[in-house]
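What follows is a single structure, written as structure tokens, with notes after it.
Any read-out appearing in this document is the output of simple, stated calculations on the displayed coordinates, not a laboratory observation. A quick note: this is a predicted structure, and the numbers were derived from the prediction, not measured. Don't worry about glycine lacking a Cβ; one is built from the backbone with ideal geometry, like all the others, and counts go over all protein chains shown.
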Amino acid sequence: MSELMVTPQYTPNPRSMKFVLSQNVMNEGKATFTTPEQAQDLVMVQELLKLPMVEQVYLFENTVTVTQEEDEWDTLAQMVKAVLITRMPLHNPNIDI
């Protein structure tokens, strides 16, 4: 499998950042999670929701949009990217929500 590329992109909402991946996080549909419990067996989403200040994770095709309590992304963006890179190899994009 090729190396995962993750490109952060700012959104019109300063509390949200979109992370565009070189692989799909969902093959069909879209999903929004606000608690680790909602993510059930999706370890990547659970880990993202456990990061400080993260309120919501939205998955669609090859994008993960993270919404946080604040609008400061310097540290959190690096933490999100690290979770995506380490957990994506174990992630199944055939999510049945």
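Worth a mention:
- Separation of the THR7 and GLN78 label points, Cα + 7 Å toward Cβ, nm: 2.2
- Along the chain, the exposed loop sites are GluC sites (Glu not before Pro) outside DSSP states H, G, I, E and B with at most 12 other Cβ atoms within 10 Å, and the longest stretch free of them is 38-68.
- With eigenvalues of the C-alpha gyration tensor scaled by 5 and rooted, the chain, Å: 19, 15, 12
- Charge dipole (Cα centre; +1 on Lys/Arg Cβ, -1 on Asp/Glu Cβ; no other charges) of the chain amounts to roughly 180 debye.
- Virtual paramagnetic centre 7 Å along Cα→Cβ of LYS18, amide N under 16 Å, in segment 79-97: none
- Estimated vicinal HN-Hα couplings, Hz - segment 20-30 in sequence order (Karplus 6.51, -1.76, 1.60; Gly, Pro = x): 9, 9, 7, 9, 5, 9, 9, 7, 9, x, 8
- Taking every C-alpha pair closer than 8 Å and separated by at least 6 residues, the mean separation divided by the residue count of the chain gives a relative contact order of 32 percent.
- Taking 7 Å steps out from each Cα toward its Cβ at MET53 and GLU70 produces label points 0.4 nm apart.
- Computed from backbone phi with θ = phi - 60° and the Karplus coefficients 6.51, -1.76 and 1.60, the 3J(HN,Hα) list for segment 66-81 is 10, 10, 10, 6, 10, 10, 9, 10, 3, 7, 4, 4, 5, 5, 4, 4 Hz; x is used for glycine and proline.
- Comparing PRO12, PRO36, PRO52 in a Gaussian network model of the chain where C-alpha atoms under 10 Å apart are linked, the largest mean-square fluctuation is found at PRO12.
- Net charge contributed by nearby residues that have their C-beta within less than 14 Å of THR86 (K/R +1, D/E -1): +1
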